[in-house]
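Participant: So that we are looking at the same thing, I have put the structure below in structure tokens.
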There are 2 protein chains.
Amino acid sequence: MATAGTPAEPAGHKRSDVRRNEQTLLDAAAAVFVRSGVDAPVREIAAEAGLGVATIYRHFPTRADLVVAVFRHQVDALAAAAPMEAPADDKPYEALRRWVHHFADFLVTKHGLAEAMHSDQAGFESLHNEFVERLLPVLDRLLKASAAAGAICADVRAYDLMLAVGNLCIGVDTFPDYRSRRMVDLLLTGLATTAG
Amino acid sequence: MATAGTPAEPAGHKRSDVRRNEQTLLDAAAAVFVRSGVDAPVREIAAEAGLGVATIYRHFPTRADLVVAVFRHQVDALAAAAPMEAPADDKPYEALRRWVHHFADFLVTKHGLAEAMHSDQAGFESLHNEFVERLLPVLDRLLKASAAAGAICADVRAYDLMLAVGNLCIGVDTFPDYRSRRMVDLLLTGLATTAG
DNA sequence: CGTGACTCGGAACAGCACTCCGTATTGCAA
DNA sequence: TTGCAATACGGAGTGCTGTTCCGAGTCACG
């Protein structure tokens, strides 16, 4: 249940094996996620790490906690990739467009991540929450900057856009002919047009 | 494996209990799909029908076969809802827009159908195939008519658009705040704009 | 080196899809 | 009406999943 954004990381007073196993698990999970997708069986991750399943659950109570931990750096990089100060940028819509494509590329390269983020499966809600918590403010800022510049219509909510883009990235693995990037572009174009 | 569009329906030479049970299953499945979504446990459908699980598998080898059979009439209606003769319509883009929204509304009201259609789970491929087979020609016709009228850009493929719209309908149950309809509209707007 | 607290491992439980085979039902013909 | 061959049915069985529990093992500190 607990969202458990950061389980507990005062970092200092943890037993050495705990810290070692946590890192082992993160490495194993990263490898398995690439090989079998983010919804790979828990046992497979445990085997890859050479640890028991209970150890996984002790460190990462829900699957989303593990996924978030594995991708944390990349999500942070994504958040940081957006221009911090909007006023400095004279082309806010271009900045928005660039960042959304970065976001989409990130999702597409992590097999099953987009699917999982919008899944109703138990344990995945906090994954959704994490993404919303970290990236929604960024997207909202970009969106408001564009709206202020009159480049897009102002009544589109960042939340809707974020979920929509995430949704458009679903199925790229399953259906090789599907071009998610083109569709994301189309959505962004629609955003700009409604301003007219 | 078999796509099994129409398992075998010469209708005449089937045992009476077979036909009766098939209808019972369809009714039960329809009820359960509404209550628990299209990915409800097989046992639940069997219980609702008062039949064994093997009977379900005998009539509908894959889950998609059952889903397709339950929604066949509505999918047909959807296909028929598109204007048959494009030339007669002087506003092809409006027709396209209307039909796509019909399609989206259909998906949204069937809990989990959009998710299932783009799932990589075994047994769901034929669901995707069925939708593509039945609705893609319709969408393609609408799209070509709009393109011919110069209302939209011509380089968007019907397949991409269909999957994109389907994707945008994912998550409406899980995330009540997500407005899929608005996002579908945005996508359609983008389609029109790129023509400019 | 001993002790106490914390952690690990894998067996155990529960829920799912899907299959198999003995039993029951059906339709036809005598 | 009744017997029989073909066919369908039911539910137990198999195998894979997530999740929990507790005895055995490991670590840090005195």
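Participant: Taking the Cα centroid of the range B:119-196 and of the range A:136-189, what is the distance between the two, rounded to the nearest whole Å?
Facilitator: One Cα centre to the other: 15 Å.
Participant: Now a separate question. If the label for A:G150 sits 7 angstrom from Cα along the Cα-to-Cβ line, what are its distances to the same label in every other copy, in nm to one decimal, shortest first?
Facilitator: Reported distances to equivalent positions: 2.7 nm.
Participant: Next question, about the same structure. Mind checking Rg over Rh on the range A:16-64, alpha carbons, Kirkwood formula for Rh?
Facilitator: Rounded to two decimals, Rg over Rh is 0.93.
Participant: Kindly compute the accessible surface that chains B and A hide from a 1.4 Å probe when together, both sides summed, and give it to the nearest 100 Å².
Facilitator: Between B and A, the summed buried area is about 2800 Å².
Participant: With springs only between Cα atoms under 10 Å, which of B:G50, B:G123, B:G37 fluctuates most in a Gaussian network model of chain B?
Facilitator: Evaluated over chain B, the most mobile residue of the options is B:G50.
Participant: Another question, then. Compute the long axis of helix B:63-80 from its Cα atoms, compare it with the longest principal axis of the Cα atoms of chain B, and write down the angle in degrees, 0 to 90, nearest 10.
Facilitator: It is inclined by approximately 40 degrees.
Participant: Counting alpha carbon pairs within less than 8 Å and at least 6 residues apart, what relative contact order, in whole percent, applies to chain B?
Facilitator: Over chain B, the number comes to 22 percent.
Participant: Just to be sure I understand: with springs between alpha-carbon atoms less than 10 Å apart, which residue in B:P83, B:P137, B:P41 has the highest mean-square fluctuation in the Gaussian network model of chain B?
Facilitator: B:P41
Participant: Please build a GNM for chain B, connecting alpha carbons under 10 Å apart, and tell me which residue among B:S180, B:S16, B:S146 fluctuates the most.
Facilitator: Checking each option, the largest mean-square fluctuation is seen for B:S16.
Participant: Which listed residue (A:A145, A:A69, A:Y159) has the Cα farthest towards the positive end of the charge dipole for the range A:42-181, taking +1 on Lys and Arg C-beta and -1 on Asp and Glu C-beta about the Cα centre?
Facilitator: So the residue we want is A:A69.
Participant: I'd like to check one number: the per residue accessible area of the protein assembly as shown, probe 1.4 Å, reported in Å² as a whole number.
Facilitator: Normalised by residue count, the accessible surface of the protein assembly as shown is 47 Å².
Participant: Report, to one decimal in Å, the Kirkwood hydrodynamic radius for the protein assembly as shown based on all distinct Cα pairs.
Facilitator: About 23.0 Å, per the Kirkwood formula over Cα pairs.
Participant: Work out, step by step, the length gained on full extension between A:H13 and A:V42: first 0.36 nm times the residue separation, then minus their alpha carbon distance; give nm to one decimal.
Facilitator: Separation in residues times 0.36 nm, less the Cα-Cα distance, equals 7.7 nm.
Participant: Other chains' Cβ within 10 Å of B:38-49 residues: what's the mean?
Facilitator: 0
Participant: A 32 angstrom limit on the alpha carbon distance is what I want to check against. Which of A:K144/B:K91; A:K91/B:K91; A:K110/B:K110 exceed it?
Facilitator: From the list (A:K144/B:K91; A:K91/B:K91; A:K110/B:K110), the Cα-Cα distance tops 32 Å for A:K144/B:K91; A:K91/B:K91.
Participant: Against the globular-protein guess of 2.2 N^0.38 Å, express the Cα radius of gyration of chain B as a ratio, rounded to two decimals.
Facilitator: That ratio works out to 1.13.
The values are calculated or read from the model by the stated rules, or taken from the named source; none is laboratory data. Please read these numbers as outputs of a predicted model, since none were measured by experiment. Using ideal geometry, Cβ is built from the backbone for each residue, glycine included, and neighbour counts are taken over all protein chains shown. These area figures cover heavy atoms from the full protein model, side chains too; ligands, DNA and RNA do not enter into them. Shrake-Rupley method; radii C 1.70, N 1.55, O 1.52, S 1.80 Å.
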